[in-house]
1. In segment 212-252, how many are without any contact (Cβ under 8 Å) to a residue 40 or more places away in the chain and not in a helix (DSSP H, G or I)?
2. With the requirement that a residue be within 15 Å of the ligand (Cβ to nearest atom) and hydroxyl-bearing (S, T, Y), what does segment 199-225 give you?
3. Pull up segment 226-252, narrow it to residues that are within 15 Å of the chain's Cα centre (by Cα), under 17 Å from V210 (Cβ atoms) and of a type in the set (A, V, I, L, M), then point me to the one that is farthest from the ligand (Cβ to nearest atom).
4. Would you confirm whether or not segment 104-116 contains a residue that is of a type in the set (A, V, I, L, M), touching a Leu at 6+ places or on another chain (Cβ under 9 Å) and within 23 Å of G202 (Cα to Cα)?
5. Taking into account only those residues within segment 143-161 that are surrounded by 14 or more Cβ atoms within 10 Å (Cβ to Cβ) and of a type in the set (A, V, I, L, M), which is modelled with the lowest pLDDT?
6. Specify the residue that is surrounded by the fewest Cβ atoms within 10 Å (Cβ to Cβ); the eligible residues are those in segment 30-58 that are touching a helix residue (DSSP H, G or I) at 6+ places or on another chain (Cβ under 7 Å) and in a helix (DSSP H, G or I).
7. Residue by residue through segment 79-116, note down the ones that are in a helix (DSSP H, G or I) and within 16 Å of the ligand (Cβ to nearest atom).
8. Just to be sure I understand, how many residues within segment 1-47 are of a type in the set (K, R) and touching a Lys or Arg at 6+ places or on another chain (Cβ under 8 Å)?
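The values are calculated or read from the model by the stated rules, or taken from the named source; none is laboratory data. Keep in mind it's a predicted model, so treat the numbers as computed, not measured. A quick note on method: Cβ atoms are made from the backbone with ideal geometry, for glycine too, and the neighbour counts reach across all protein chains shown.
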Amino acid sequence: MSTRTPFIAGNWKMHLDHLEAIQLVQQLSYRLNPRDIAEVEIAVIPPFTALRSIQTLIEGDKLELGLGAQDAHWEDSGAYTGAVAPPMLAKLAVDYVLVGHSERRSRFGDDDDVVARKLGAVQRHGMIPILCVGETLEERDAGRAEEVVDRQLRAALAGLDRPHEVVIAYEPVWAIGTGRTATPDDADHMCAAVRRIVGEIGGDTQAVRVQYGGSVKAGNAGDLLARPDIDGALVGGASLDPDGFAAICRAG
Ligand code: PEP
């Protein structure tokens, strides 16, 4: 039995204005009985425009909810129109920042070097990066899934003293937003590979938390989260439905 606290995070992507975001957090908190989720850590990751409202709600209502941001620049300030700097997020009491999500890698050109810089900046400002790694369908079919994840992990974590202080989300690209989930066996196998690689880089394999992400929903969360090397889930689409997300949290 692992001593790692299961961690369920909802990535809302580019959905919900700040009023809708407040509503969703309220709906979620009504559905989460503290007794059912005493052993689980839960975070929501709204768009930037909702961070301040959600932070106020969490603090005001003393909700047991972590707050995440979907991205951050690597510089502390500067002429980077449209970007958000890590100290700005830290000031908003942001706990987690997604780094290297496959949508950032494929649509915004975040390559391994950019991912490493963002990850370092997030950590420097006292927040925990959630590093997303995962292979495309082509790479999986070519038998290269582990090789790709190995490269992504080493590029992002190699320079760190304590690589296990990063949360890793193993998210096969072909499972994100497609309704197609990795089987619990496959997901567990890859999460175990992530843990082993973090160990090779110098991290504590028993401490690092490895989430699975890719079309997680209420109906499959229990099977996935019961596996020994899956420590939680990064949930996209299903995190926008308070009933579904609450059920996933209870499965943790
Ligand atoms: C994600 O955005 O990280 C994700 C896993 O999305 P979905 O759950 O919709 O596949």
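1. Residues meeting the conditions: 3.
2. Within segment 199-225, Y212, S215 qualify.
3. I230
4. Our first condition is that a residue be of a type in the set (A, V, I, L, M); within segment 104-116, this holds for 114-116.
The next check asks that each one be touching a Leu at 6+ places or on another chain (Cβ under 9 Å); those that pass are 115-116.
Right, trim to within 23 Å of G202 (Cα to Cα) and you get 115-116.
Within segment 104-116, one or more residues are of a type in the set (A, V, I, L, M), touching a Leu at 6+ places or on another chain (Cβ under 9 Å) and within 23 Å of G202 (Cα to Cα).
5. So in segment 143-161, the residues surrounded by 14 or more Cβ atoms within 10 Å (Cβ to Cβ) come out as 144-146, 148-157, 160.
Then keep just the ones that are of a type in the set (A, V, I, L, M); that gives 145, 148-149, 153, 155-157, 160.
Numbers: A145: 96, V148: 98, V149: 98, L153: 98, A155: 97, A156: 97, L157: 96, L160: 88.
Once the filter is applied, the top-ranked residue is L160.
6. Applying the filter and picking the extreme gives T49.
7. Quick first cut of segment 79-116, residues in a helix (DSSP H, G or I) only: 86-91, 102-107, 112-116.
Once the filter is applied, which keeps residues that are in a helix (DSSP H, G or I) and within 16 Å of the ligand (Cβ to nearest atom), segment 79-116 yields S102, E103, R104, R105, S106, R107, V115.
8. Qualifying residue count for the region: 1.
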